[in-house]
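Presented below is the structure to which this report refers.
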Amino acid sequence: VPAVPVLFKQALENTEMEEGKSVSLRCELTKADATVVWKKGGAALQASAKYEMKQKGTVAELVIHNAEPEDA
């Protein structure tokens, strides 16, 4: 039986951010608890004081703390 692919049910949207504040980016997947890798350019982001990754069911969220123009 072939594996069912995981697709975006709700894709990321462009989000305005205020420098120095936190910004939250969310997407929804078609399969709960699928592995999500957040990337900037081609590089995978790692959880840190700046980047917080959350996932609950089909919703994946990236919180960027102390946002800077370079985070665009």
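Summary of computed values
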item	result
Mean separation of Cα contacts under 8 Å (6+ apart) over length of the chain, as relative contact order %	35 percent
Extended-chain gain in nm, criterion 0.36 nm per residue less alpha-carbon gap, residue 21 and residue 54	10.1 nm
Accessible-area order (highest first, 1.4 angstrom probe) of the listed residues 71, 33	33, 71
Electrostatic dipole magnitude of the chain [Cβ: Lys, Arg +1; Asp, Glu -1; Cα centre; debye, to 20]	400 debye
Gained length - residue 13 relative to residue 28, 0.36 nm times residue gap less alpha-carbon distance	4.3 nm
Pairs of lysines in the chain (C-alpha under 16 Å apart; 8 or more residues apart or interchain)	8
Distance cut-off 15 Å, percentage of C-alpha pairs in the chain lying past it	57 percent
Of 23, 69, 7, farthest towards positive along the dipole that unit charges on Lys, Arg, Asp, Glu beta carbons give the chain	7
Nonlocal amide H pairs with residue 58, under 5 Å, H built at 1.01 Å	33
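The values are calculated or read from the model by the stated rules, or taken from the named source; none is laboratory data. Computed from a predicted model, the values in this text were never measured in an experiment. Cβ atoms come from the backbone with ideal geometry, glycine included; neighbour counts cover every protein chain shown. Heavy atoms of the whole protein, side chains included, go into the accessibility calculation; ligands, DNA and RNA do not. Shrake-Rupley method; radii C 1.70, N 1.55, O 1.52, S 1.80 Å.
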